[in-house]
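The values are calculated or read from the model by the stated rules, or taken from the named source; none is laboratory data. Because the structure is a prediction, the values reported are computed rather than measured. Here the Cβ positions follow ideal geometry from the backbone for every residue, glycine too, while neighbour counts run over all protein chains shown. These accessible areas exclude ligands, DNA and RNA; they are computed on the full protein's heavy atoms, side chains included. Shrake-Rupley method; radii C 1.70, N 1.55, O 1.52, S 1.80 Å.
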Amino acid sequence: MKVKIQHIIAALMGAVSAMSAMADGTTELTVTKTGTHMVKVSLSGFTGEAESVLKFDLSVLGMEITPPDTAEYLVAGHENGRIEGTLSVAGSTRPLWARTYAGAATRSQAHAFADDIVKEIRQTAPIFQGRIAFRLEKGGATEIYVADFDGANPIPLTHDGALVQGPSWAPGGQRLFYTSWKNGATQILEHNLETGMRRVFAGYPGTSFSPEVSPDGQKVAMILSMGGSPNLYVSDIGGGNPRQLTHSRDEDSSPCWSPDSRTICFVCRKGRARLETIGVEGGQPQPVRVGIAGNLTAPDWSPDGKWIAFTSGSGNFSLWVMPAGGGVAQQLVEGEDPCWAPNSRTIIFSRRANNKRILCLLDVPTKHVKDVRQLSGSCSEPSWAR
Amino acid sequence: MMKTQNLVATLTLTLGLLAAVTGCQHKPVNTTIIPDLQNKPVANAPSTEAPGTAITPSNPVTSTPEGTAETYGNYTNLFDNPHNDNRDQFKADIVYFDFDSSTIKASEETKLQEVAAYFKGNQKAEALIIEGNCDERGTEKYNLSLGERRALAAREYLVNLGVDSHRIKTVTYGASRPAEPGKGEEHWKKNRRDEFVLITPKQ
């Protein structure tokens with residue numbers, strides 16, 4: 001009888017844990033869901049590609065793979081054409097859920113499973129089936145590539161054998177804008193990924209570069225020098241009606257959009273590089289109060305609107321993040337050119353190592369860094385389709 | 001004994017209620033069908049001119065094998081008639097800049113005066129390309145703007161010396177075209193520069 005009672009109590013405890021994990025915000029698991037510590041997760045039953053994808057993905061969101069006896073969560077299952085997997089809280093005898101993933105490739109199934117695990121543990125939006133674009137330099141030639149967020153399935157998008165820079169996605173992930181030198185002077189090209197069709201989006205007198213499409217898909221911010229200095233302009237998404245927003249003699253650069261598409265954060269130079277914001281209709285630029293000195297460049301606004309990530313330094317770069325409304329910036333890790341993932345938690349950035357550049361993924365709260373699968377060549381200027 | 005039975009009854013009841021509330025107990029295994037993103041087409045740039053695009057027949061989308069270095073700054077597409085790009089003419093007149101600066105230094109002014117004098121005095125000199133460059137100690141988009149500002153600084157100087165502004169074209173390369181790859185000020189100072197390309201009609 002005594003043994004029986006113990007079993008029942010264990011089962012009951014498991015059910016309570018399960019319930020508290022399923023209902024948002026219960027006290028017991030709050031810390032592990034939103035906290036800044038590495039969550040310990042065990043992984044059993046998987047091999048090969050499924051296992052390596054799950055390990056990679058969970059690591060990207062600040063999780064450490066440990067043996068079951070020290071894990072906070074247990075991931076188990078198997079793969080045989082489809083993935084069957086369960087997620088359990090340690091100590092519980094019943095899983096939080098059991099799910100099956102079918103169709104597509106094993107990689108995709110594993111990414112979908114990992115998305116569900118992360119949604120449960122970290123309460124964040126899925127990112128593991130996302131795509132990135134970046135610039136790859138190899139033997140003096142540069143091309144734009146598109147790949148899965150982890151660097152798998154890389155596809156060269158251009159074959160121009162000309163200098164090309166700064167890919168930027170239009171919302172929806174079907175069109176890319178980038179700066180190309182293929183016709184001699186810089187032009188901004190718009191590239192439809194479904195048809196392969198390209199068109200010259202902007203090729204004004206002077207130079208045209210650094211396009212950034214607004215999150216609502218209606219406008220493009222860019223740098224044009226037709227007014228005599230490299231200044232910030234905004235045009236309609238069709239390319240027409242370019243309006244000059246800034247008028248400084250010193251150069252402006254690196255525009256990025258607030259998620260409501262009403263404000264642009266950019267780099268201007270007043271003595272040294274610093275961040276300012278300006279409304280899409282123009283007006284007086286406002287300094288972004290960061291609280292640190294240094295050359296501040298390459299800002300990116302998080303999709304949830306709360307944060308601006310940026311780069312500080314000259315040569316030895318570090319990533320920083322600050323509240324979008326102003327406040328104290330926090331240093332994250334070494335690296336440059338951050339771009340937020342759609343979950344407003346993960347950042348993809350580039351890092352200089354051994355005379356080349358590589359792309360890395362950063363889990364902002366835990367500061368855990370995971371290198372993207374390496375390609376031969378130097379990879380930089382990552383842009384996450386969102 | 002009575003107490004134990006009561007406890008068991010209570011536990012069982014609670015467990016049943018929990019199961020009813022959470023729905024975890026008898027939740028069917030759900031299957032997620034993944035759309036086949038792997039086989040979703042991502043179209044490359046077409047290897048021939050794509051109909052309906054704004055890329056004109058004179059500027060076809062050409063295909064070049066991967067990893068082949070481009071020819072350095074080819075400006076033939078900028079002009080309607082055949083032209084020569086002459087980058088030797090002003091080889092001695094490369095204008096250098098201080099770190100993170102686009103100010104023309106006093107030491108560089110005679111070079112610009114030479115460029116202006118040659119350009120104004122040469123009948124065949126049709127256009128001048130000014131290429132702005134940076135060292136590697138900046139983020140890429142920042143360097144693009146800085147390189148353009150450096151090219152524009154030289155352009156302003158030449159225009160002040162009487163060179164027709166319509167005949168000068170600026171191009172920025174950011175840090176993508178270092179004169180001397182390598183680390184350290186001895187290399188970097190040679191990369192922070194403006195170079196001049198003389199455009200003459202092809203005979």
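Taken over segment A:138-154, the residue count meeting the criterion of being facing chain B (nearest Cβ under 8 Å) and either open to solvent by 10 Å² or more (accessible area, probe 1.4 Å) or in contact with a Ser or Thr (Cβ under 8 Å, 6 or more places away or on another chain) (or both) is 7. When segment B:164-202 is filtered for residues that are within 24 Å of A:Trp181 (Cβ to Cβ), away from chain A (no Cβ under 12 Å) and part of a loop (DSSP other than H, G, I, E, B), the ones remaining, listed by number, are B:Ala179, B:Glu180, B:Arg192, B:Lys202. Figure legend. Inter-residue proximity from segment A:236-253: first residues within 23 Å of A:Leu176 (Cβ to Cβ), second residues of a type in the set (D, E, K, R) and in a strand (DSSP E or B), beta-carbon distance below 7 Å, spacing 6+ or different chains. Indicated pairs: A:Asp236/A:Lys219; A:Ile237/A:Lys219. Among the criteria (1) away from chain B (no Cβ under 14 Å); (2) open to solvent by 50 Å² or more (accessible area, probe 1.4 Å), the one A:Thr263 does not fulfil is (2). Looking across segment A:167-204 at every residue that is within 24 Å of the chain's Cα centre (by Cα), among the polar types (S, T, N, Q) and open to solvent by less than 10 Å² (accessible area, probe 1.4 Å), the one that is nearest to the other protein chains (Cβ to nearest Cβ) is identified as A:Thr179. Would it be correct to say that A:Val164 is open to solvent by less than 30 Å² (accessible area, probe 1.4 Å) and of a type in the set (Val, Ile, Thr)? Spelling it out, A:Val164 is indeed open to solvent by less than 30 Å² (accessible area, probe 1.4 Å) and of a type in the set (Val, Ile, Thr).
In segment B:181-203, the residues that are closer than 19 Å to B:Glu148 by Cα and open to solvent by less than 40 Å² (accessible area, probe 1.4 Å) form Cβ pairs under 6 Å with partners that are of a type in the set (Lys, Arg) and outside any loop (DSSP other than H, G, I, E, B), at six or more places apart or across chains, as follows: B:Asp194/B:Arg150. Within segment A:248-260, the set of residues being open to solvent by 10 Å² or more (accessible area, probe 1.4 Å), outside any strand (DSSP E or B) and at pLDDT 95 or above comprises A:Pro259, A:Asp260. Any chance segment A:155-166 includes a residue that's outside any strand (DSSP E or B), farther than 26 Å from A:Val372 by Cβ, modelled with pLDDT of 90 or more and at the interface with chain B (Cβ under 7 Å from one of its Cβ atoms)? No, segment A:155-166 has no match at all. The C-beta contact set for segment A:337-348 (first residue on the phi < 0 side of the Ramachandran plot and modelled with pLDDT of 95 or more, second residue among the basic types (Lys, Arg) and surrounded by fewer than 24 Cβ atoms within 10 Å (Cβ to Cβ), distance under 7 angstrom, 6+ apart or interchain) comprises A:Pro342/A:Arg386. Scanning segment A:131-146 for residues that are among the small types (Gly, Ala, Ser) and at pLDDT 95 or above yields a single hit, A:Ala133. When each of A:Ile121, A:Ile127 is tested for being open to solvent by less than 10 Å² (accessible area, probe 1.4 Å), in a loop (DSSP other than H, G, I, E, B) and of a type in the set (A, V, I, L, M), the lone residue that passes is A:Ile127. Residue count for segment B:88-110, restricted to those that are surrounded by 14 or more Cβ atoms within 10 Å (Cβ to Cβ) and more than 27 Å from A:Gly315 (Cβ to Cβ): 3. Within segment B:76-87, the residues that satisfy the criterion of being over 19 Å from B:Leu152 (Cβ atoms) and open to solvent by less than 80 Å² (accessible area, probe 1.4 Å) are B:Thr76, B:Asn77, B:Phe79, B:His83, B:Asn84, B:Asp85, B:Asn86, B:Arg87.
For segment B:141-168, the set of residues classified as under 24 Å from A:Pro255 (Cβ atoms) and open to solvent by 50 Å² or more (accessible area, probe 1.4 Å) consists of B:Arg155 only. Looking across segment A:346-358 at every residue that is open to solvent by 10 Å² or more (accessible area, probe 1.4 Å) and in contact with a strand residue (DSSP E or B) (Cβ under 7 Å, 6 or more places away or on another chain), the one that is farthest from the other protein chains (Cβ to nearest Cβ) is identified as A:Ile358. Is it true that A:Pro215 is more than 10 Å from every other protein chain (Cβ to nearest Cβ), touching a residue at least 40 places away in the same chain (Cβ under 8 Å) and open to solvent by 10 Å² or more (accessible area, probe 1.4 Å)? So A:Pro215 passes the test.
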